[in-house]
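Nothing in this text is a laboratory measurement; each read-out follows from the coordinates by a stated rule. As the structure is a prediction and not an experimental result, all values here were calculated from the model. Note that each Cβ is placed from the backbone with ideal geometry, even for glycine, and that neighbours are counted across all protein chains shown.
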Amino acid sequence: RGEQPEKYDYDRAQVPGPLTAEMEARQAERRQAQKAQRKQREKEKREAQQLLEQEEDEKRCFALLSDREKRALAAERRLASQLKDSSATLTNTRRCWLCGESLLGRIPFHYLDFSFCSTNCLRTHRQANAALS
Ligand SMILES: [Zn+2]
């Protein structure tokens, strides 16, 4: 049909359109590209999820440290590797002293040399300390 388009009534004979193989190849190519794109998106999603889980781990880890350990961390990040039970390395030590929430990109609340993500955390920490002394 591609070579002799006028010779027969192809539509009536129900002969498929010309260049079918090329069209199919193009379609297959498009499908492949879509598949690659989908794969890439899934990979990015997985990586983002991993980062999120890592941040959660760090947050929990930091929150569990004693005030003395947090203070040491804030003073010198390299101490992180010497802390007991810290298999996870802390990449960010600017965290709320109570709940461990990251303070990067935030304006933290302070009292003494402690920093907090919220006035709620600050108040709780201050009350706990007041109860100790
Ligand atoms: Zn907090």
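Computed values, structure above
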{"quantity": "Gain upon complete extension [ALA128, LEU104; 0.36 nm per residue less C-alpha separation]", "calculated": "6.2 nm"}
{"quantity": "Difference of contour (0.36 nm per residue) and Cα-Cα distance, ARG68 to THR20", "calculated": "9.9 nm"}
{"quantity": "Residue exposure sequence - SER66, SER115 - by fewest surrounding Cβ within 10 Å", "calculated": "SER66, SER115"}
{"quantity": "Extended-chain gain in nm, criterion 0.36 nm per residue less alpha-carbon gap, LYS43 and ARG31", "calculated": "2.5 nm"}
